[in-house]
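Just so it is clear, none of the values below were taken in a lab; they were calculated from the coordinates. The structure presented is a predicted model; accordingly, all values stated were derived computationally and were not measured. In this analysis, Cβ positions are derived from the backbone assuming ideal geometry, glycine residues included, and neighbour counts consider all displayed protein chains.
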Amino acid sequence: MTPVRLVCLDLAGTTIGDIAMVERAFAEAIATQGIVPGTGAYARAMVHVHRSRGCPTIDVFRGIFTGNEAQAQAANLTFERAYEGAIERTGLFPLPEAVEALRQLREAEVKVALITGFSRSTLGRVLGTLGWAGELDFALCPEDCSGRGRPFPDLILTALLRAGLEDVREVAVLGDSENDMLAGRRAGASIVVGMLSGGHSRERLIDGGATHIVESIAEFPAVLTATDGVGAHHVATSAR
């Protein structure tokens, strides 16, 4: 098995436990566009938000406000302001196991890339709050690859190029959504790990192409050092 030299980690819900904060920001954003709680339109919009976890935020709003780019852009701007405002009020903290997992990866001389569907502005605010400048090799958002985020493979392939690697089999991916899994498999990563942290269900992660399922990011380093995925549930999947 080709040794892993680069890991691509999802941000929201995988390395930081901010799912509720993100969903509140989405709800606030769509409410400003006339889709309010208690209506069928609101329920459908939030189902779409959940289904689209991991995708660029602007694409999520484009899916809700189909054919109305101005409305999608307005909602996305409100989302960014609401989410960044929440960070200022309550702070932002990594999942307890994430710091230790990052330390283990760095000690193993594995390059670490953080990938997200947030805009560059929001990503900058998150990284500044976490103080992770020394923990990562780089952090990427859709703006770094012509706007195409997950489920497309572009973010992972861009990370591969930035890391100076030539073989996609040297890449492992960790995320909590089906779209993370799809992106990893489409990029050709040898290990695509789905994390049960409140994003998508085990079934959806496996449907997306997960090669392993873990309960926590604490189990992730062990997956990289064992061909049978010791410490994780290995699943047999076909390429997506």
Checklist entry - Length gain on complete extension for the stretch Ala74 to Asp207, per 0.36 nm per residue less the alpha carbon to alpha carbon distance? => result 44.6 nm
Checklist outcome for this item: Contour minus Cα-Cα span, Ala41 to Thr2, at 0.36 nm per residue, comes to 9.3 nm
Next on the checklist: Considering only C-alpha atoms, what is the centroid distance from the stretch 52-99 to the stretch 170-194, in Å?
Outcome noted: 22
Checklist outcome for this item: Where a ≥ b ≥ c are root eigenvalues of the Cα gyration tensor, a/c under 1.5 meaning rounded, otherwise prolate if a/b exceeds b/c and oblate otherwise, the stretch 9-105 counts as prolate
Item to check | In Hz, Karplus ³J(HN,Hα) per residue of the stretch 202-209 (6.51, -1.76, 1.60; θ = phi - 60°; x = Gly, Pro) | outcome: 3, 5, 5, 4, 5, 4, x, x
Checklist outcome for this item: Burial-style ranking of 165-176, 95-106, average other-beta-carbon count within 10 Å with highest first, yields 165-176, 95-106
Next on the checklist: Take Thr225 and Arg51, extend 7 Å from each Cα along the Cα→Cβ direction, and tell me the distance between the two endpoints in nm.
Outcome noted: 4.1
Item to check | Two-site label geometry, Ser216 and Arg81: point separation in nm, points 7 Å out along Cα→Cβ | outcome: 3.9
Checklist entry - What is the gain in length, in nm to one decimal, between Arg169 and Arg120 on full extension, counting 0.36 nm per residue of separation less the C-alpha to C-alpha distance? => result 14.9 nm
Next on the checklist: When a/c reaches 1.5 or more, the comparison of a/b and b/c decides; with that in mind, is the chain rounded, prolate or oblate per its Cα gyration tensor?
Outcome noted: prolate
Checklist entry - Over the chain, what is the mean sequence separation of C-alpha contacts under 8 Å (at least six apart), divided by residue count, expressed as relative contact order in percent? => result 22
